[in-house]
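Novice: The structure is given below, and queries will be raised subsequently.
The values are calculated or read from the model by the stated rules, or taken from the named source; none is laboratory data. The structure presented is a predicted model; accordingly, all values stated were derived computationally and were not measured. Ideal geometry is used to build each Cβ from the backbone, glycine not excepted, and the neighbour counts take in all protein chains shown. For the accessible areas, the whole protein counts, side chains as well, though only heavy atoms, and no ligand, DNA or RNA atoms are used. Shrake-Rupley method; radii C 1.70, N 1.55, O 1.52, S 1.80 Å.
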Amino acid sequence: MRNANSETFNEMTNKGLKLVDFWASWCGPCKMLAPVLDEIASETSEFEIIKVEVDENPELAAQYEVMSVPTLFIMKDGQIVDQMQGFQPKENILNKMQQHI
């Protein structure tokens, strides 16, 4: 799991399958989601998790029209192929990701 900013985002997401988590430190559901993403990251090598802190990267949040956090984008070779909003259980995330592997 890696953190991205406006300078590294495109390079980090342009190849392969990525789960991109737009989050904020003050967000309760984001805090609930963090250990779920940690667990997924430790269990799979089929995709990478990229985290974007919206308060530190408002230009990325605006570019991707993130209106609420957490917002999860599934990106394949730099293109958004699916998305989820709000807290998601591990099973939901893994099921969505499997559709794009």
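Novice: Using label points projected 7 Å from each Cα along Cα→Cβ, tell me how many nm separate residue 34 and residue 10, to one decimal.
Specialist: About 3.0 nm separates the two model spin labels.
Novice: Taking the Cα centre of the chain as the origin and placing charges on Cβ (Lys, Arg +1; Asp, Glu -1), which of 44, 30, 68 is farthest toward the positive end of the dipole?
Specialist: 44
Novice: I would also like to ask the following. In whole Hz and in residue order, list the ³J(HN,Hα) couplings for the range 42-55 that follow from phi through the Karplus curve 6.51 cos²θ - 1.76 cosθ + 1.60, θ = phi - 60°; x for Gly and Pro.
Specialist: Per-residue couplings from phi come out as 6, 9, 10, 10, 6, 8, 10, 9, 10, 10, 10, 7, 5, 5 Hz.
Novice: Given the chain, what count of lysine pairs have C-alpha atoms under 17 Å apart, with each pair 8 or more places apart or on different chains?
Specialist: Here the count comes out as 11.
Novice: In the chain, carbon and sulfur make up what percent of the accessible area (probe 1.4 Å)? Could the numbers behind the result be given before it?
Specialist: Working: 2590 of 5520 Å².
Heavy-atom surface of the chain belonging to carbon and sulfur, 1.4 Å probe: 47 percent.
Novice: Short version: ³J(HN,Hα) in whole Hz for each residue of the range 16-28, in order, from phi by Karplus 6.51 cos²θ - 1.76 cosθ + 1.60 (θ = phi - 60°), x for Gly and Pro, what are they?
Specialist: x, 9, 10, 9, 9, 9, 8, 9, 9, 5, 8, 8, x
Novice: Moving to a separate point now. List the residues, sorted by chain then number, that are 5 or more residues from residue 82 or on another chain and whose placed amide H is less than 5 Å from its amide H.
Specialist: It is 74, by chain and number.
Novice: Near residue 23, within a Cβ-to-Cβ distance under 13 Å, what is the net charge of the other residues, with Lys and Arg +1 and Asp and Glu -1?
Specialist: Around residue 23, the surrounding residues sum to -3.
Novice: Quick check: from the Cα gyration tensor, does the range 42-101 come out rounded (a/c under 1.5), prolate or oblate?
Specialist: Numbers: a/c = 1.84, a/b = 1.60, b/c = 1.15.
Because a/c hits 1.5 or more and a/b exceeds b/c, the range 42-101 counts as prolate.
Novice: Can you tell me what share of the DSSP beta bridges in the chain is antiparallel? A percent to the nearest 5 is fine.
Specialist: Here the antiparallel bridges make up roughly 60 percent for the chain.
Novice: Is the shape of the range 1-69 best called rounded, prolate or oblate, per the rule: a/c under 1.5 gives rounded, else a/b larger than b/c gives prolate, else oblate, with a ≥ b ≥ c the square roots of the Cα gyration tensor eigenvalues? Intermediate results must be reported in sequence, preceding the final value.
Specialist: Details: a/c = 2.21, a/b = 1.11, b/c = 1.99.
The shape class here is oblate.
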